[in-house]
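Here is the structure we will look at.
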Amino acid sequence: MNSNHKMLLREFSIGAAVLAAVALSTPTLTTKASIPNNQNMSTLNSSTSAQSGHYTEDNSEDNYQFDWSLSDDGTLTLSNASFVFGGNNSPINSHISNQLPADVVSAVKKIVLTGSPVASGNIQYLFCNFANVDNIDVHNLNVSGVTSMQALFCENQKLDSVNISSWDTSNVSNMATMFWEDPITTITGLNDLKTGQVTDMHELFATSNSADNSKVTQLAQSFINTADVHNVKNFEGLFDNSNMTNLDISSWHMDAATDTSNMFGDYQIAVPSPLASYTGSKMTTLTLGPDDKFVPVSEPTAVVAPTFNPFGSTQTYVPINLPSGTTINMPVDKSGNWQAVGSGTVTNPQGATWTSADFDTKYAPTATPRPAKETYVWKHTAPKLNINLKSPVTLKQGAKFDADSYFVSLTDAGENAISAPITSLKDAEALGMTISGADKVNTKVPGTYNVTFKLGSQSATLKVTIPGSSSNGGNSSNSSSSTTPTNTTPSTNNSWNPTTPSQATGNTGLPNYAAVKGDAVYATKAIYMYSSPTFTKHNRIAKYTKKARANRPMFVVTGYDKSNNGALRYKVRDVNKGSKTYGKTGYVTANNNYVGGAYYQTMPKNKKLTVIAKHGINSYRSASLTGKSKHYKKGARLHVKKLVKHNLTTRYQLTNGHYVTGNKKFVIQGNY
C-alpha cells in the first residue's frame, strides 16, 4: 500500500468519535429519537425497541440521503437510500456516530439495504470501518452508475459475509483496497462482478485474513477464475499480507500491467488488532501462465522470497495440504528460493529452482520465450515418514492381489511433520510414495514375492506368499509330498521386441494406425497409465478421465511393448503441464478407439479451421512457431493453404503465409 493511502486509512481508523468531530458540512437532520450521550446501551435497549432517523447531504461534492433504523439485535437497516459520494469518510458511519453513543454504534452487527437504493459516481469508503459488523447485505443496491469502489468495505475487522449478488459493475474502473483488512470468507456474487473496465486493483484483498485460511484462499481463487484483468494496470499488493496459501492465476491476461510490486506478499509487518499475531504473507504455492506479467515498481519484487519465515521465527516447516485435506509440514529449504513442481508434485517437486528475481525477469512483459503454465512452491525437503504395511501376507493360489489394499499408514519419524498418521493412499502417492514389484506377483504360481513401498529415503517391503498344494488336484503338482514355496519371479514377455520404425506400417511389426516413436498422442476416452505392459488393477499409476477435446490428456510415445496376451502398448511420458501427473512415465493402450494422434495429418475439406483452445492461439512467421504475428481468440475461423510437417508435429499455413499449430486440442477442422 502506498504511504499516502496508508496514512489516509490510519486517519480514518481513529474511530467513530473523531468522525463525529469532523462532522459533514451542512446536513439537514431529522431524528425520531433523541438519545442522551450519557445513556448506556443497556438502558437504551430497555427503554426503546429501536432507534431511527433520516439523513440528507447536498453540497458541491456529495449528494446522498437515507432513512435508517437500528434494531435491538444490532441490524442497521437503510431505506430510501441514494448515494453520490466523493469524500473520504463513510456518510453512514459518520452520521450514525453523530446521533448515537459510541457503545450503541459499536453494537451494529449487520447492515441491510431495503427498497430500491441507488448509487453512482465515487462511493469509496461507503460501508467502511464498522468495528463489529460481520454481515453486509447490499445486493439490491443499483451500482450501474458507479465508477469507483475503492475501499468500499475496508477495515471492517469482523466482517465475514457480504452479499453483492445483483451488482452491475461494468462501469467501475477502481476496485483498489475494496476488501482491505477484512477477515472475510463469503462474498455472494463475487464471481459475477464485471471487471473488464477496471484499471486499478491494488491491495484489493490485502491483509484479508481469516481464522480459516482455506476459506479465504478459496474466496480469492473464485475471484481469480472469473475476473477479467486485461485492462488492469495496478496490481500492487493485490494479495499482500493475506493468509491465502495457494493461488492459480495462470488463466489471467495481464497485458496492461504497469505495477505488480509485492503482488503476492510482503515482509513481516505489524497489523492492527485483532490481527496483531499475523506476521506476513503465507503464500507457499503459486501457479502462473504465459500471459502473467510482472512489473515491480515501488518494491523489489512481485513474488516475495521465502527468507523471512512468515510462519514464525522458530518454525522451520512449510504447511502444505494433501488431497484429503490433511496438512503436512514440509521442512523449509534455507536457500530462500522457490521450486517449480515440474514432473513431480506440490509435496515432491522436481523442477528448477527459482529466486524472486527470476519471476520478475522471466515473467517480464518483454520476456521471450514465455514460461509455460507451471506451479511453484517454496523450496523444501521431504520429511522422513515411516511406511506401515499389512505384512507378511499369505494368499491362496489364484486369489486376487491388490498391493494398495495392504498399505496401512505413514507415521512421523521424529520430525513432527504430521500430527496424526496419514492413512490415505492418495495422500501417500501425492507425497511421492511408489510401489514396485506388484506386477510380478502371480498368484497362480506358488512362491514368495516382495513388493517394495518407497518414500524418499524410507522403504518397506510387503512379503506375499503363495503356498503350493500338498495333495493331488487343484493347481498343484501331482506329487503326494508337500510343495515348498520358492522365490519366483514371473517371466516377462520377450517374444516381441519391436525395433523403432521410421513409420508405422504393416511391414514394421506395428499396425498401420500406430504412432511413431516421438509422436504426441491423446486420450479420447477414459484410460489408465500402468507400470507394465500387462495391465492389472494393482499396477495402475494414473487415471485419466474422459474430457472435452481441448482438455484431453496428451502423451509422447517413447517406445512400444506388448502384454502377455499380445496386446500392443505405447510406452509414454505424460506432457500435461500443470497436472499432478505431469512427467509420469508408463504404459497406455495403443487401441485407437481410446488413444489417437494429437496432430492433424490431413487438410480440412473446406480448407477452414476453428480455434477451440480456451485462451486462443497465436500465429507465427515460421513453421517452428517463432516470430509471433497475431493472436486468434477461441471461435475464430481460419483459412488454410496447406499442411506442413515440422519434426514429428504438423502446422497449418494460413492464406497469409503465417503458421498455426496442427494440434487437435487447439484447432478443429471445418466450421465448428
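Residues considered: 623, 613. Of these, the only one that is within 31 Å of the chain's Cα centre (by Cα), assigned to a loop (DSSP other than H, G, I, E, B) and of a type in the set (A, V, I, L, M, F, W, C) is 613. The requirement of being among the hydroxyl-bearing types (Ser, Thr, Tyr) and loosely packed, with under 15 Cβ neighbours inside 10 Å is fulfilled somewhere in segment 554-566, by at least one residue.
For residue 593, the conditions (1) assigned by the TED database to the domain that holds residue 663; (2) on the phi < 0 side of the Ramachandran plot all hold with the exception of (1). Among the conditions (1) surrounded by 13 or more Cβ atoms within 10 Å (Cβ to Cβ); (2) more than 30 Å from residue 529 (Cβ to Cβ); (3) not polar (S, T, N, Q), residue 600 misses just one, which is (2). Residue count for segment 225-258 satisfying the condition of being touching a strand residue (DSSP E or B) at 6+ places or on another chain (Cβ under 6 Å) and either among the hydroxyl-bearing types (Ser, Thr, Tyr) or farther than 22 Å from residue 284 by Cβ (or both): 2.
Each row is one residue, and each column tells you yes or no for (1) part of a loop (DSSP other than H, G, I, E, B); (2) outside the structural domain of residue 576 (by the TED database); (3) at pLDDT below 80.
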residue	(1), (2), (3)
325	yes, yes, yes
328	no, yes, no
343	yes, yes, no
346	yes, yes, no
370	yes, yes, no
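Residue 414 - would you say it is free of Cβ contacts under 8 Å to residues at least 60 places away in the same chain, under 32 Å from the mean Cα position of the chain (by Cα) and either farther than 22 Å from residue 585 by Cβ or not in a helix (DSSP H, G or I) (or both)? It is true that residue 414 is free of Cβ contacts under 8 Å to residues at least 60 places away in the same chain, under 32 Å from the mean Cα position of the chain (by Cα) and either farther than 22 Å from residue 585 by Cβ or not in a helix (DSSP H, G or I) (or both).
Listed here are the residues, each with its yes/no results for (1) at pLDDT 90 or above; (2) crowded, with 22+ Cβ neighbours inside 10 Å; (3) assigned to a helix (DSSP H, G or I).
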position	(1), (2), (3)
427	no, no, yes
435	yes, yes, no
445	yes, no, no
448	yes, no, no
451	yes, yes, no
459	yes, no, no
462	yes, yes, no
472	no, no, no
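Annotation for segment 258-267: at least one member residue is of a type in the set (Phe, Trp, Tyr) and over 16 Å from residue 175 (Cβ atoms). Of 352, 364, all but one fail to be touching a residue at least 40 places away in the same chain (Cβ under 8 Å) and hydrophobic (A, V, I, L, M, F, W, C); the exception is 364.
So which residues in segment 348-368 are at pLDDT 90 or above, surrounded by 17 or more Cβ atoms within 10 Å (Cβ to Cβ) and of a type outside the set (Gly, Ala, Ser)? 363, the sole residue that qualifies. The sole residue among 627, 662 that is of a type in the set (Gly, Ala, Ser), closer than 24 Å to residue 576 by Cα and not assigned by the TED database to the domain that holds residue 552 is 662.
The values are calculated or read from the model by the stated rules, or taken from the named source; none is laboratory data. Everything quoted here is computed from the prediction, not taken from an experiment. Ideal geometry is used to build each Cβ from the backbone, glycine not excepted, and the neighbour counts take in all protein chains shown.
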